[in-house]
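Notes to accompany the following structure.
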Amino acid sequence: MKKITSIALSIIATMALLAWAGEGEQADHPQMTPEQMKAEFSKCSMCKILVPYVDKAWFNTWSMEVYNLKDGMVMVEHVGDKSGMADYKTVFASFEKSGKEIEKWSEAEAKKQLCEHCQSMHSLMKAGAKHDWVLTKDGCVGVIISDKPATVKQIHSYADQCRQMFAMQE
């Protein structure tokens with residue numbers, strides 16, 4: 001479960017910041033330069049892992065789909081430029097290592113050291129959400145679920161936030 005928590009935190013943080021950085025007409029925010037992304041990523045204990053990859057060609061081909069499940073949500077990530085899969089797997093390993101420490105944090109510690117999106121994921125885990133992730137040939141698939149109606153409601157709200165950030169339609 002520790003491995004899963006760290007991967008989940010990392011993936012969601014990554015995609016949130018990528019979406020925030022945004023590209024094209026769908027973005028909610030103006031296009032950020034790589035330097036601006038690095039500066040934003042550096043503010044979060046999880047997201048700072050991405051700083052060395054911002055300038056890589058594959059980085060901007062990373063995309064995500066988010067869907068509601070009756071008891072949670074599913075996220076599907078894709079790396080469009082397959083030459084980046086080795087880096088993608090390295091990012092996973094780094095997030096796993098950091099995630100093990102972050103799991104131990106209180107909400108107050110998370111608030112001080114994580115970006116808003118990573119804090120939200122941390123809160124889901126503290127509320128008892130369960131999750132699992134599996135690497136695919138071009139990214140990963142992850143599920144976040146709960147048998148507690150209040151936590152499912154939080155997960156669905158989080159999924160809505162993700163779709164908004166990624167300019168997705170439900």
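Each reported figure results from applying straightforward, stated rules to the coordinates on display, with no laboratory input. Note that the structure is a prediction, hence the values are computed from the model and not measured. Cβ placement follows ideal geometry from the backbone for every residue including glycine, while neighbour counts extend to all protein chains displayed.
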Of the trypsin sites (Lys or Arg not before Pro) in region 67-138, those whose Cβ has at most 13 other Cβ within 10 Å and which sit in DSSP loop: K70, K104, K137
Can you list the residues, at least 5 places off or on another chain, whose amide H is less than 5 Å from the amide H of T136, using H built in the peptide plane? V141
Once label points are set 7 Å from the Cα along Cα→Cβ at both Q161 and T136, what is their separation, rounded to one decimal in nm? 2.4
Filter the cross-link list K48/K112; K38/K111; K89/K130; K104/K130; K48/K153 down to pairs whose alpha-carbon distance in this structure exceeds 26 Å. K48/K153
Under the 7 Å Cα-to-Cβ spin-label approximation, K100 and Y67 lie apart by a distance in nanometres of 3.4
